[in-house]
Amino acid sequence: MIQGKNFIRGEFVEKKGESFEKRNPANIDELLGVFPHSDQNDIEKAVEAARLAYPQWRALSRIGRGEYLDNLVQILKRDKEELSVLVAKEQGKNITEARAEVTEGIHMFQYQFGLSRMPFGEVVSSEIEEKDSFMRRKPKGVIGVITPWNFPFAIPTWLIGPSLLEGNTVVFKPSKETPCVAQKLVEAFKEVGIPPGVINMLHGSGERVGTLLVRHPKIVVVLFTGSAEVGQQIRRVSAEIPDKMCACEMGGKNAVIVLDDADMELAVNASIISAFKTSGQRCTAASRLIVHKDVVKEFQKRFVEVAKRITIGDTLDPDNFAGPVINETQMNKILRYNELAKEEGAEVLLDGGRLKGPQYAKGYFLSPFVYRMEPNPKSVVLKEEVFGPHVAIIPVKDLEQALEVHNDTEYGLVVSVITEDCRKAREIRERCEYGLGYVNLPTIGAEVHLPFGGVKKSGTGLPSASTLIDVVTHRTAWTVNHAREIKMAQGLKVKL
Ligand code: UN1
């Protein structure tokens, strides 16, 4: 049982007053921890701590800051299994996925450590031979990091790692659904002796703590991963405050496109992984399988066969495929989308729903819901993100229609195409709207050294992971004259 605490100026602080519980979504009898609800006063203290720590932290060399992240990696590697078990218990993903998630987070800090010795600017040519020009990056200040519950370890590292390496300081607000893993991550920062105030953490809900953090005038950048609705609110609030910018990673209505020449086994396996890993609770999960009509019959038969076989249950049993969904609200939302699909005329191929039986009685376990539906621009279930084990098979007559159906949503995060034909894959690459594209792979499984972010409603056009550096630094121009006299660019002549 974790006694949750906020982390401010290098200390875990006691807090009386309102608190909230975190329970295991696979077994709600298991209480994992109790955490404080932060208030305006805590926010002021945390932001002030980050503000005071900033000048010294940025004055440390970039390599010096990287060393802290390398030390952190050693601790996280030591505690990897403990962290993975906690991710599985708190988030509800299977232990094999939890281990992969912790690995992904460690990769981010390793990547940042490696980057600390790499160039962080450019030498730029000038019209005047004696002038040397540079693009140099400067940190921005205090960054607010607001993270979701589906990747309680990896996503915080994705946002905190680059922010700290570049010399910013951080106030971190983890999801109220996954405070335990956040607490462990911050404990590791404390153990490496990161200077007080460089990272601070506040527990609480998005509506209260998140909102106050976004509104705080001293938070210059907000990094957010979560729903499109909340992201849109953050964008609105940020726009009102001069000097504030936000980078939001939001949802997806991702698709696997299966063409008529697809390797069928690969197509089915990639689709199963895309639709049902993490119980469909990834922003990269696919809830649409767009399949060429000539192969749709075979595809759907094989897909449903495998979907029926996947085992859902105990998150610590590595032989299970998936665990529960995160909470009752999400479970009910997914069930409503299943019903809506029926109302919208779906041909149900596998009627998923709440799993029954004593091993499921204490958790939010859902079995896969699979349906077939003709392309329909009016259908809500073909457009909205479900974030659960809910997937449509949509038959299309050719590549042209596949492209049209793919782009017919407000989102644009991930597309995967299953084909042996490089020309068709190229058409998908050029004409689909997405931020991450895959060929003969599932839609999930991005790596930290690539850009991560979507277009349209999925993102703000500022991808994270490797490219977050562009958000957490300001690019400055620095020009030095080595001549004795002043020579101007653009042929400007000045007589004095
Ligand atoms: C998310 O779901 O918000 O590509 C992130 C993936 C993971 C990251 C997902 N590496 O599925």
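The values are calculated or read from the model by the stated rules, or taken from the named source; none is laboratory data. Since we're looking at a predicted model, the values are computed, not measured. Positions of Cβ are backbone-derived with ideal geometry, glycine not excepted, and every protein chain shown enters the neighbour counts. All accessible areas refer to the heavy atoms of the entire protein, side chains included, with ligands and DNA or RNA removed. Shrake-Rupley method; radii C 1.70, N 1.55, O 1.52, S 1.80 Å.
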Can you name the strands (runs of 3 or more DSSP E) wholly within the range 102-181 that have at least 1 residues being of a type outside the set (Phe, Trp, Tyr), open to solvent by less than 10 Å² (accessible area, probe 1.4 Å) and in the same structural domain as Pro217 (by TED's automatic domain parsing)?
142-146, 169-173
Considering only the range 76-87, I want to know if a residue exists there that is open to solvent by less than 40 Å² (accessible area, probe 1.4 Å), small (Gly, Ala, Ser) and touching a strand residue (DSSP E or B) at 6+ places or on another chain (Cβ under 6 Å).
no
Residues to consider are Leu69, Leu60, Leu52, Leu31; find the one that is over 15 Å from Met201 (Cβ atoms) and open to solvent by less than 30 Å² (accessible area, probe 1.4 Å).
Leu69
Please note which strands (runs of 3 or more DSSP E) are completely contained in the range 357-431 and include at least 2 residues that are among the aliphatic types (A, V, I, L, M) and open to solvent by 60 Å² or more (accessible area, probe 1.4 Å).
none
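Can you find a residue in the range 305-322 that is under 29 Å from the mean Cα position of the chain (by Cα) and within 16 Å of the ligand (Cβ to nearest atom)? Break it down stepwise before answering.
Taking the range 305-322 as the starting set, the residues that turn out to be under 29 Å from the mean Cα position of the chain (by Cα) are 306-322.
Now drop any that are not within 16 Å of the ligand (Cβ to nearest atom), which leaves 321-322.
Checked against the condition, which is being under 29 Å from the mean Cα position of the chain (by Cα) and within 16 Å of the ligand (Cβ to nearest atom), the range 305-322 yields at least one hit.
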If Ala477 meets every condition in (1) touching a strand residue (DSSP E or B) at 6+ places or on another chain (Cβ under 8 Å); (2) within 16 Å of the ligand (Cβ to nearest atom); (3) over 25 Å from Asp261 (Cα atoms) apart from one, which number is that one?
(2)
Among the residues listed as Ile273, Ile257, the single one being within 13 Å of the ligand (Cβ to nearest atom), more than 16 Å from the chain's Cα centre (by Cα) and touching a residue at least 12 places away in the same chain (Cβ under 8 Å)
Ile273
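From Ala341, Ala322, Ala346, Ala247, grab the single residue that is over 30 Å from Gly461 (Cα atoms), modelled with pLDDT of 95 or more and touching a helix residue (DSSP H, G or I) at 6+ places or on another chain (Cβ under 8 Å). Break it down into steps so the answer makes sense when it comes.
On the way: Ala341 fails: touching a helix residue (DSSP H, G or I) at 6+ places or on another chain (Cβ under 8 Å); Ala346 fails: touching a helix residue (DSSP H, G or I) at 6+ places or on another chain (Cβ under 8 Å); Ala247 fails: over 30 Å from Gly461 (Cα atoms).
The match here is Ala322.
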Single condition Ala228 does not satisfy, out of (1) at pLDDT 95 or above; (2) crowded, with 18+ Cβ neighbours inside 10 Å; (3) within 29 Å of Thr329 (Cβ to Cβ):
(1)
